[in-house]
Structure formats: C-alpha cells, structure tokens
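A short worksheet on the structure shown next.
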Amino acid sequence: MPIAEIAVWSAMLGGLFTLAGLALADLFNGRSIGAWRNLLFVSITGASCVVMTGLPEVFFPGMPERLLMVLKAGLGPAAGGMGLYYVGTWLGGAREDGKVHRLTAIGSALLLSAAVILVVLASQIDAANFHHLLVATALVNMVPVLLALFAALRAARRGDPLARWMAVAIGCLAITTIGHYLRGLDVPLGLGAWIFTAAITLIFFLMASVLALLRNRHNRELSRLSRLHQSTDPATGLSTGSALIADVEHALWRAARLECKAAVLCLYVSNLYELADVVGPGSEHQILSTVAARIRRAAGFRCVVGLYHPRCFVVVLTMDPQQPPVSATAARMVLTVSHPMAVLDEQRGRHLFRPRIGMGVVPLDPAHAVPNDVINEAESQALAMINSMPRDADHSAETEPASLN
C-alpha cells in the first residue's frame with residue numbers, strides 16, 4: 001500500500017478513535033442505554049470500515065489470512081444489523097411507528113443471521129474464491145443501509161425533526177459502504193477516491209454521533225420530567241408546597257449549625273399573566289422558567305430557591321462574613337429579574353414582557369425561625385412593595401390567571 005494511502009486511512013482511524021472517545025465520555029456522563037449503544041455502534045462499525053481499508057495487513061503483517069477473511073466477511077453485516085436495530089430504536093421504536101419497528105427488528109435479525117453464515121463460509125472457503133464471497137457481503141451490507149434510509153425518510157415525513165438529518169447521515173453511510181468495499185475488492189480508483197471515502201466516513205460517524213447525543217439528551221430530559229414529584233413545578237423544576245417548606249427548614253438548620261446569618265427573600269411577579277390574552281395560556285410557563293433561571297444566576301446555586309405559588313418565588317440566603325450583605329444580593333436579584341424578556345406565541349412571534357417585581361426581605365435567626373411564618377412575612381412585604389409602586393402605562397391593568405375553560 002502506498003505511503004499516501006496509509007496516511008489517508010490512518011487519519012480516518014484517528015478520527016474514529018476521537019469519536020469513540022467522545023462516545024465513552026458521554027457514557028461516563030450519562031450511563032444510559034443510549035450512550036452504550038452509541039459507543040458500541042462507533043466501535044463495531046468503525047472496526048468494520050478499518051478492516052476493509054487494508055490497514056490491519058500493513059500494521060500487523062503477521063496476522064493470519066483466514067482471520068482477516070472472517071473479519072471482512074462478518075464485521076460489516078454484523079455492524080449493519082446492529083446499526084439497523086439502533087436506528088429503529090433511535091426513531092422511537094414501536095411506540096412511534098410499529099411498521100418501522102418491525103422492519104428494523106426483523107431486518108436486523110436476518111442480517112445478524114447472514115453475518116453468521118458469511119463467517120462460516122469465510123472460515124471454510126478457499127482464499128482464491130474469497131473475492132466472490134466479498135462481493136456477496138457487499139450486497140448484503142447494502143440492505144441495512146436501504147432499510148435504514150427508508151425508515152428515516154418515513155419518520156421525517158411523519159414529523160420527527162431529527163429524522164431528516166439522520167437520512168442525510170445514512171446517505172453518507174451508503175457512499176461509505178460502497179467506497180470501503182471497493183477498496184476491499186482492490187478496485188483501483190486512485191488516491192482521490194480514497195480521500196473522499198475517508199472524509200465521507202468521518203462525516204457519517206460525526207453526524208450519527210451528534211444525532212445520537214441529541215436524542216439521548218432529549219430522552220434523559222423527558223425521563224427527568226416524568227419523574228418530577230408532585231411537589232415540583234414542571235415549568236421551572238423548583239420545589240413547591242411541602243417540599244419547599246422542607247428545603248427551607250433544612251437550609252435554616254444548616255445555617256444554624258454553621259453559625260451563619262440567614263434571610264428569606266420573596267420575589268412577587270405581579271403581572272405574571274399579563275400576556276395571557278395575547279400569547280395564550282402558556283405564556284406564564286415561559287416567564288416562570290426565565291425568571292427562575294435569573295434568580296438562580298443572581299442568588300447562586302448554593303441557595304435554596306423554590307416557588308411558593310405561581311407568582312411568588314422564595315429564596316433562602318445563608319451568608320458567611322466574607323459574602324456581600326443581603327441588601328446587595330436582593331438589589332442585584334431585583335435588577336436581574338426585572339430586565340425585559342421575549343415571550344413567544346404559537347406562531348413564534350416575539351412579545352416583550354417586563355416583570356413587575358415586588359421584593360420582601362426578612363433577616364432571621366435560623367435557629368428559631370418558623371419557615372411558614374417567615375415566608376408569609378416576606379410575601380407580605382413584597383405585596384406591600386408592589387402596592388406602593390406607581391402604576392405606569394405598561395403595568396396599569398389588573399392581571400388575573402387565565403381562565404381554565
């Protein structure tokens with residue numbers, strides 16, 4: 001093999017190792033089934049590509065010829081069957097489309113069976129006739145590509161936002177499969193064709209890995225939301241009700257144990273439902289999630305932040321002597337939360353919303369404070385601040401929750 005071609009395939013191998021490392025990092029980060037699938041897919045499918053390039057013969061000249069024949073005959077169909085099954089799972093399985101699920105599940109089982117048959121034949125066939133077996137292997141390996149492309153296009157037509165990109169990735173896989181099997185059959189296409197094949201291979205693996213990461217992240221978020229306790233607000237993820245009281249009690253107990261000063265703050269968003277008639281009844285969820293993020297950024301992640309009720313956020317501050325005073329933190333929090341924000345309607349139109357904030361601050365002795373009493377006092381201060389504000393044109397209307405009808 002020429003040095004230039006060795007450099008091309010070695011660069012491809014380095015890219016595959018990098019993607020495998022990223023898949024391994026995602027596995028350590030999430031430890032989900034999807035992360036395991038991504039790692040196995042990159043490893044096995046990447047190995048099938050590398051075997052066809054001829055690099056193993058260059059790097060390990062003493063490798064048995066029979067072993068290479070078995071690997072070239074079996075790895076491709078096995079990777080194709082596994083990849084086809086993963087595509088069906090990635091597209092949602094039986095819960096999204098029963099037809100695609102049956103197609104991918106049955107197709108992957110048949111391909112794995114074909115891989116076993118090809119391995120048996122490769123272990124027994126004469127080396128002089130292996131060329132014909134490799135041609136049959138290439139034809140078999142195009143079957144999962146076509147089935148996966150059909151499944152992705154069908155899912156894209158049915159509204160899956162990521163399926164169209166998966167279809168593009170599978171198109172790259174088709175070019176990759178053809179290119180590598182032409183290289184394995186020693187078809188003299190020239191260095192340019194091999195550079196193109198290596199580049200398309202890396203593009204395919206990069207797209208497939210990114211799409212897998214996006215879908216895994218989305219599934220993890222859905223799993224997290226499905227486990228939300230009844231005492232957790234679904235829009236913000238903040239604790240409410242009894243869970244909030246328990247969090248406040250724990251924060252005060254910890255402050256008393258560490259002999260820190262503490263204060264309870266209430267931020268009251270008086271015009272939360274101001275855009276309900278314009279944007280729709282879901283506008284408050286966008287506002288609440290944005291306000292919660294701003295409070296978190298201003299208060300810090302060590303503070304307890306909860307939602308007493310939809311208009312009222314509760315923050316428990318525990319201060320070391322080195323930290324800024326409560327008044328400075330409260331002023332920064334009001335300034336941060338009061339900045340205008342964009343709220344989107346169903347047509348993705350942007351509507352400007354400026355929160356009208358009332359703040360109540362209650363410094364306390366954490367060893368003797370009663371959470372319910374302190375929160376009610378802070379909320380009363382916030383309401384008094386709201387009532388004392390001049391009502392300008394932007395916030396002159398009384399706001400009420402949207403009708404449930």
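Below is a table of values for the structure above.
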item	result
When residues of the stretch 238-258 are limited to those that are aliphatic (A, V, I, L, M) and buried (at least 18 other Cβ atoms within 10 Å of the Cβ), the one modelled with the lowest pLDDT	Leu238
Residues being modelled with pLDDT under 90, in contact with a Gly (Cβ under 9 Å, 6 or more places away or on another chain) and open to solvent by 50 Å² or more (accessible area, probe 1.4 Å) - total across the stretch 186-208	2
Single unsatisfied condition, Leu75 versus (1) open to solvent by 30 Å² or more (accessible area, probe 1.4 Å); (2) touching a Pro at 6+ places or on another chain (Cβ under 7 Å); (3) hydrophobic (A, V, I, L, M, F, W, C)	(2)
In the stretch 100-110, residue surrounded by the most Cβ atoms within 10 Å (Cβ to Cβ) [restricted to those that are hydrophobic (A, V, I, L, M, F, W, C) and in contact (Cβ under 8 Å) with a residue 40 or more places away in the chain]	Val100
Unmet requirement for Ser113, which otherwise passes all of (1) open to solvent by 30 Å² or more (accessible area, probe 1.4 Å); (2) at pLDDT 85 or above; (3) within 20 Å of Asp160 (Cβ to Cβ)	(3)
So Val278, is it touching a residue at least 12 places away in the same chain (Cβ under 8 Å) and either in contact with a Gly (Cβ under 9 Å, 6 or more places away or on another chain) or open to solvent by less than 10 Å² (accessible area, probe 1.4 Å) (or both)	no
Tally, over the stretch 129-151, of residues that are touching a residue at least 40 places away in the same chain (Cβ under 8 Å) and under 21 Å from Lys99 (Cα atoms)	7
Boolean, Gly81 is closer than 19 Å to Arg215 by Cβ and either open to solvent by 80 Å² or more (accessible area, probe 1.4 Å) or in contact (Cβ under 8 Å) with a residue 40 or more places away in the chain (or both)	no
Some residue of the stretch 165-185 being over 30 Å from Gly92 (Cα atoms), part of a loop (DSSP other than H, G, I, E, B) and at pLDDT 85 or above	yes
Selection from the stretch 365-379 of residues that are surrounded by 15 or more Cβ atoms within 10 Å (Cβ to Cβ) and over 16 Å from Tyr308 (Cβ atoms)	Pro366
Any hit, the stretch 363-383, residues being part of a strand (DSSP E or B), over 36 Å from the mean Cα position of the chain (by Cα), over 20 Å from Asn271 (Cα atoms) and in contact (Cβ under 8 Å) with a residue 24 or more places away in the chain	yes
Criterion (under 24 Å from Val248 (Cβ atoms), at pLDDT below 85 and either open to solvent by less than 40 Å² (accessible area, probe 1.4 Å) or not small (Gly, Ala, Ser) (or both)) met by exactly one of Val361, Val315, Val337, Val326	Val326
Subset of the stretch 103-114 (residues that are within 33 Å of the chain's Cα centre (by Cα) and among the aliphatic types (A, V, I, L, M))	Leu103, Ala105, Ile106, Ala109, Leu110, Leu111, Leu112
Any pair with Cβ under 9 angstrom, 6 or more apart, that starts in the stretch 152-181 at a residue that is within 19 Å of His218 (Cα to Cα) and ends at one that is open to solvent by less than 40 Å² (accessible area, probe 1.4 Å) and among the charged types (D, E, K, R)	Ala152/Asp160; Ala155/Asp97; Arg158/Asp97; Leu162/Arg215; Met166/Asp160
Complete set of residues in the stretch 23-54 that are more than 25 Å from Ile6 (Cα to Cα), in contact (Cβ under 8 Å) with a residue 60 or more places away in the chain and of a type in the set (Gly, Ala, Ser)	Ala23, Gly30, Ser32, Gly34, Ala35
Residue that is nearest to Ile175 (Cα to Cα), among those in the stretch 22-53 that are of a type outside the set (A, V, I, L, M, F, W, C) and at pLDDT below 85	Asn38
Cβ pairs under 6 Å, 6+ apart, first in the stretch 236-257 and touching a residue at least 12 places away in the same chain (Cβ under 8 Å), second part of a helix (DSSP H, G or I)	Thr236/Leu288; Thr236/Ser289; Thr236/Ala292; Leu238/Ala292; Ser239/Asp247; Ile245/Pro371; Val248/Pro371; Glu249/Pro371
Total residues in the stretch 33-49, condition among the β-branched types (Val, Ile, Thr) and crowded, with 22+ Cβ neighbours inside 10 Å	2
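The values are calculated or read from the model by the stated rules, or taken from the named source; none is laboratory data. Keep in mind it's a predicted model, so treat the numbers as computed, not measured. Using ideal geometry, Cβ is built from the backbone for each residue, glycine included, and neighbour counts are taken over all protein chains shown. Ligands, DNA and RNA are stripped out before the accessible areas are found, and what is left, the full protein with its side chains, is counted by its heavy atoms. Shrake-Rupley method; radii C 1.70, N 1.55, O 1.52, S 1.80 Å.
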